[in-house]
Amino acid sequence: MSATETIVHVTAKSPRQMQELGRRLAGLLRPGDLVLLTGELGAGKTTLTRGLGEGLGVRGAVTSPTFVIARVHPPLTGGPALVHVDAYRLGGGLDEMEDLDLDVSLPESVVVVEWGDGKVEELSEDRLHVVIERAVGADAPAAADDGAADEDDVREVVVRGVGPRWADADLTVLAGEWTAPVR
């Protein structure tokens, strides 16, 4: 870990906890922040982003932008908009994504890019990389007692802050006791 990198590990034992992680993450974000989400299909990237949208107080249901590539969710309050991008079907790097004008959106928005590794890092030297992995079998902690009984719901999440913006950030607020409301 370099001097301009900070890392936290979080276990989310249900989709509700993954969404709560997104809400907690929203509390750390500000306009101009870039968040890259990595994980296999069904890992929980959109669920986390849904919580992020709730935490940021944006308009519209946060759903996967796979077929439209990008969705903009304007703020309902004075906070930043959420730009949610799915780069799964985009093969190239930043050049192919240039048509999305992410560099124009970034200063006044929070930009979340699913499948963005190796494609959008050049947008900002300051960014969060969120890697989501399913914990399976013997590696899976017991499922949460909040309605989830399937160990397939357990996710190990690594949040890595890169750049000066995140060097002194307290990412440990993302871990800790889960108090996600039952909805």
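The values are calculated or read from the model by the stated rules, or taken from the named source; none is laboratory data. Quick caveat: nothing in here was measured; it's all calculated off a predicted structure. Virtual Cβ from ideal backbone geometry, glycine too; neighbours counted across all protein chains shown. Heavy atoms of the whole protein, side chains included, go into the accessibility calculation; ligands, DNA and RNA do not. Shrake-Rupley method; radii C 1.70, N 1.55, O 1.52, S 1.80 Å.
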Residue hits (the stretch 7-23; surrounded by fewer than 22 Cβ atoms within 10 Å (Cβ to Cβ), under 16 Å from Val173 (Cβ atoms) and of a type outside the set (A, V, I, L, M)) are His9, Thr11, Arg23
Within the stretch 2-26, the residues that are among the charged types (D, E, K, R) and part of a strand (DSSP E or B) are Glu5
The number of residues in the stretch 123-142 that are open to solvent by 10 Å² or more (accessible area, probe 1.4 Å), modelled with pLDDT of 80 or more and farther than 15 Å from Asp33 by Cβ is 3
Note on Glu114: of the conditions (1) modelled with pLDDT of 60 or more; (2) more than 22 Å from Gln17 (Cα to Cα); (3) surrounded by 15 or more Cβ atoms within 10 Å (Cβ to Cβ), unmet is (2)
Within the stretch 27-44, the residues that are open to solvent by 10 Å² or more (accessible area, probe 1.4 Å) and not in a loop (DSSP other than H, G, I, E, B) are Thr38
